[in-house]
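Reviewing the structure listed below.
Read-outs: derived from the displayed coordinates by stated rules, not from any lab. A quick note: this is a predicted structure, and the numbers were derived from the prediction, not measured. So basically every Cβ, Gly included, is an ideal-geometry build from the backbone, and we count neighbours across all protein chains shown.
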Amino acid sequence: MTTILTYGTYDLFHYGHVRLFSRLAALGDRLIVGVSTDEFNALKGKAAFFSYQQRAEIVAACRFVSLVIPETHWEQKPRDIKGYGVDVFAMGDDWQGKFDHLGEFCKVLYLPRTEYISTTEIRTTLAEPAGLGLQPRQA
């Protein structure tokens with residue numbers, strides 16, 4: 001059995017997240033997703049719209065995800081890789097090179113992000129004056 005592991009905040013869940021999970025699930029038999037807790041996001045200077053519990057519930061409902069675990073600190077990754085028998089650690093390519101050190105425990109993979117969508121873009125668009133920027137994007 002091949003186990004894949006990824007981490008993220010996964011706020012304002014969108015088709016980019018679904019496509020990432022689909023690509024990751026296709027790499028193995030089990031996809032584990034670490035969802036950043038509210039406390040960990042605060043340490044990173046981030047705030048999510050949905051609470052950790054809500055985001056974890058949304059991610060767990062995705063058919064590609066086998067297990068959701070809390071991400072509580074940067075240093076937990078080697079422990080999670082060993083503890084869950086992870087074969088592939090994968091992140092979006094915006095993290096390119098940041099997790100290469102985990103290669104001593106498993107394969108490290110960086111996948112291209114889905115074009116035309118990001119949580120930051122959604123937040124920005126929603127903050128614009130009513131009626132502006134709310135046109136559907138190309139898929």
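Structure notes:
- One Cα centroid belongs to the range 33-72, the other to the range 77-93; the line between them spans 16 Å.
- Multiplying the residue separation of Glu115 and Thr72 by 0.36 nm and subtracting their alpha-carbon distance yields 12.6 nm.
- Projected label points at Leu27 and Glu39, each 7 Å from Cα along the beta carbon direction, are separated by 2.9 nanometres.
- Only Lys, Arg (+1) and Asp, Glu (-1) charged, at Cβ; the chain dipole about Cα centre in debye: 200 debye
- Label sites at Ala127 and Ala47, each approximated as a point 7 angstrom past Cα along Cα to Cβ, lie 1.1 nm apart.
- Distance cut-off 16 Å, percentage of C-alpha pairs in the range 1-80 lying past it: 48 percent
- Loop trypsin sites (Lys or Arg not before Pro), the range 1-68, which have at most 15 other Cβ atoms in a 10 Å radius of their Cβ (DSSP): Lys44, Lys46, Arg63
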